[in-house]
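The values are calculated or read from the model by the stated rules, or taken from the named source; none is laboratory data. Bear in mind the structure is a predicted one, so any value in this text is a computation, not a measurement. Using ideal geometry, Cβ is built from the backbone for each residue, glycine included, and neighbour counts are taken over all protein chains shown. The protein model used for the area step is the full one, side chains on, heavy atoms only, and it has no ligands, DNA or RNA in it. Shrake-Rupley method; radii C 1.70, N 1.55, O 1.52, S 1.80 Å.
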Amino acid sequence: MGIDVALGKLGYFTMTMDGAYTENKTPNGSSFSPASLIYNLNPYETKSGNQLWSYPNRTYADLMHQYQSNTTDKRGGASASVNLKPLEDLEISAVTGLDYLINEGTQLTPASSYAEQQSGFGPEALGRLNKDKNTLLNFSYNVRALYAKVLGNVHNLTLSLNHDYYLTSTDNLGITGYGVGNHASASLINQSLTGARKPAVSSFKEKVAQIGYGAVAGYTYDDTYDLFATYKLDGSSVLPSDKRWNSAWAVGLGWTPSEYGFLKNNYYCPLNFF
């Protein structure tokens with residue numbers, strides 16, 4: 001969804017919004033998933049309950065219902081921009097955007113599956129559950145002002161200021177546990193298990209921000225002589241506190257001899273020096 005509005009003679013404003021929801025359920029993911037059986041089972045196998053030629057001592061039913069997975073993705077975003085011209089020689093523009101994503105997943109290998117029944121663990125440790133939730137936030141904005149003025153048809157002055165900001169926030173959480181039986185419920189995880197089947201929790205949380213300021217100034221006389229300067233200051237949250245800010249600058253001169261009257265439009269003298 002989007003909207004575009006004219007702000008009279010001052011400028012215009014634009015905004016867009018979007019969202020999406022996706023859900024995926026699948027029995028694929030284990031070594032006995034239907035997708036793998038298509039390639040591995042011989043064409044003369046039957047579902048009659050007899051042992052399979054491709055998997056000795058197992059039946060067709062043993063290899064089904066081994067795994068189930070359910071994942072959802074929820075996504076939303078918005079962006080907006082404004083362009084203004086309050087003065088004839090002054091332009092101001094700004095843009096901002098936000099994206100937010102939530103990904104949740106549940107994977108269950110039920111206790112009744114052949115893989116769990118043949119694992120060698122007791123009934124209290126059968127049934128594996130994985131649950132995870134991941135969130136991602138991206139936010140940014142940029143503001144820019146440009147002033148350009150021509151005086152007396154020979155003096156060309158340009159000034160520009162810029163400010164930008166970027167933020168990424170990540171928050172991930174995952175749990176793995178056993179003993180849930182045939183139910184995809186984290187509350188059923190057997191917390192007393194040790195060794196290879198003890199519960200496990202993983203998490204990752206991070207925010208990364210970057211901010212910047214910039215300035216550009218330029219002056220041109222009679223399209224022949226140029227003087228310009230730039231300055232940029234940037235800060236990042238991932239750097240140590242004593243080295244968080246970094247700057248860069250430049251100053252330059254330019255000369256265009258081909259703008260002299262006796263050389264202007266001369267095919268053999270397209271001279272420019274910077």
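Annotations for the structure displayed:
- Legend: residues 124, 116, sorted from most to least accessible area (1.4 Å probe; ligands, DNA and RNA excluded), read 124, 116.
- 26 Å tail of the calculated P(r), the chain, as % of Cα pairs: 68 percent
- Virtual spin-label span in nm between residue 231 and residue 154, 7 Å along Cα→Cβ: 3.0 nm
- Reach of residue 9 by Cα under 13 Å, taken over aspartates and glutamates that are not fewer than 8 positions away in the same chain: 88, 91
- Separation of the residue 173 and residue 10 label points, Cα + 7 Å toward Cβ, nm: 4.4 nm
- Per-residue ellipticity at 222 nm, computed for the chain from helices alone with -39500 (n - 2.57) per DSSP H run of at least four residues, works out to -1000 deg cm²/dmol.
- Of all accessible heavy-atom area on the chain, the percent that carbon and sulfur account for (1.4 Å): 58 percent
- Compared with the alpha-carbon gap, the fully stretched path from residue 161 to residue 251 is longer by 30.8 nm at 0.36 nm per residue.
- A simple spin-label model places the labels of residue 89 and residue 20 4.7 nm from each other, with each point 7 Å out along Cα-to-Cβ.
- Packing here is the average count of other Cβ atoms within 10 Å per residue, and on that basis the peptides 86-99, 178-191, 48-61, highest first, run 178-191, 86-99, 48-61.
- Summed residue charge, Cβ within 10 Å of residue 212's Cβ, Lys/Arg positive, Asp/Glu negative: -1
- Quick note on region 115-274: its Rg to Rh ratio, both from C-alpha atoms and Rh being the Kirkwood radius, is 1.43.
- Calculated accessible area for the chain comes out at 65 Å² per residue, all protein chains present (probe 1.4 Å; ligands, DNA, RNA ignored).
- Our note on the geometry: Cα centres of region 98-128 and region 1-80, 17 Å apart.
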